[in-house]
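Visitor: This is the structure I have questions about; it appears just below.
The values are calculated or read from the model by the stated rules, or taken from the named source; none is laboratory data. No experiment lies behind these values; they were computed from the predicted model shown. Every residue, glycine as well, gets a Cβ built from its backbone with ideal geometry; the counts of neighbours run over all protein chains shown. SASA here: full protein model, heavy atoms, side chains in, ligands and nucleic acids out. Shrake-Rupley method; radii C 1.70, N 1.55, O 1.52, S 1.80 Å.
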Amino acid sequence: MVVLEKNTIFAENFKIMQENHSFIRRFSVQGLLLSFTFCGLMLTGCGNQNTKKDSSENTETEQQVVEQVVEQVADEAEDNGVKAPAIQADANGLIGLGQCSIESNRLRVELSEDKDAAKIFLDGELLQTITDADDALVATGDDAPIFFLDANFDGLTDIFIGPGESRTYSSLLIWEPASKQFRRIGHLGEPSLQNFMLCPETKSVYEGGSNSWCSGSFTKSIWEGGTLKAVEDVIVVSDPEQYRENGVSDKYTLKSSDGKTIKAAAESSQLPDKWMYVLEYVGY
């Protein structure tokens, strides 16, 4: 009986040892697996941190390049002239003087009493004086507001002096990057710059006004070599009895720059391009 009890106790102890050994073995394997998993996570985390760091460094480098390019463009623009003010065309794609700015944060224009000279200041310093004793910048006695705009569509500020109204004369000063000076376009009344309008879409300039109580003429021009080149004209004659005298057969006559008739029409809506809107703008 004693031997049997000892054997039984020994068997039970042996079983407990086996179970403990199995648990320890399982724990060791699981611990090893957990250790590998933890190491893997640590490595992945380090990799992610490095990736994020590299990505951040790349983003910063790209941003620096962009800023350098922007600064370079700004410096070049500064050398070339004053950036033109942003002017939104109307619903018909046209810009009139009424939409143009009368102020510039960098440019200032002072007209002489006789309006035959204009002092132009850039950033408070005198840049140049435009004068012509025989040819006033605007008709003497006319009101002479100053407008800042982009008249030749090069992105740089130009200057318009005068009201630009019908039967008045004004001056257009175009900025020339090469000379870093403004240059006057035409002479008094050439072009007349009456009812001055711009079409950014076609890079065209419209201007003109009344010739008499019953007629008016308007010109569409484009820029060529720094000057305005007329490409089309519209003659408006409101009195049919004056058709023959003005060499037309209808109220509206569209002609090419060489004088050939392109279209004669009773209504401005029958004219091509922007002509209907231009004529409506000036009351024709």
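Visitor: Go through the range 165-182 and give me each residue that's among the aliphatic types (A, V, I, L, M) and either surrounded by 15 or more Cβ atoms within 10 Å (Cβ to Cβ) or modelled with pLDDT of 95 or more (or both). Before the answer, list the steps.
Guide: Of the residues in the range 165-182, the ones among the aliphatic types (A, V, I, L, M) are 172-174, 178.
Answer for the range 165-182, where residues must be among the aliphatic types (A, V, I, L, M) and either surrounded by 15 or more Cβ atoms within 10 Å (Cβ to Cβ) or modelled with pLDDT of 95 or more (or both): Leu172, Leu173, Ile174.
Visitor: Test each condition in (1) farther than 20 Å from Pro85 by Cα; (2) assigned to a loop (DSSP other than H, G, I, E, B) for Asn152 and report the one that comes out false.
Guide: All conditions are met except number (1).
Table: residues versus (1) under 29 Å from Leu173 (Cα atoms); (2) at pLDDT below 95; (3) open to solvent by less than 40 Å² (accessible area, probe 1.4 Å).
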{"residue": "Gly216", "(1), (2), (3)": "yes, yes, yes"}
{"residue": "Gly226", "(1), (2), (3)": "yes, yes, yes"}
{"residue": "Lys229", "(1), (2), (3)": "yes, yes, no"}
{"residue": "Val237", "(1), (2), (3)": "no, no, yes"}
{"residue": "Asn246", "(1), (2), (3)": "no, yes, no"}
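Visitor: Let me ask another. Would you mind finding the one in Lys220, Lys255 that is open to solvent by 30 Å² or more (accessible area, probe 1.4 Å), under 35 Å from the mean Cα position of the chain (by Cα), within 26 Å of Asn152 (Cβ to Cβ) and at pLDDT 95 or above? Give the derivation first.
Guide: Numbers: Lys220 fails: open to solvent by 30 Å² or more (accessible area, probe 1.4 Å).
Of Lys220, Lys255, the one residue that is open to solvent by 30 Å² or more (accessible area, probe 1.4 Å), under 35 Å from the mean Cα position of the chain (by Cα), within 26 Å of Asn152 (Cβ to Cβ) and at pLDDT 95 or above is Lys255.
Visitor: Select from the range 84-142 the residues that are among the β-branched types (Val, Ile, Thr) and closer than 24 Å to Leu279 by Cα and write down the one among them that is surrounded by the fewest Cβ atoms within 10 Å (Cβ to Cβ).
Guide: Ile87
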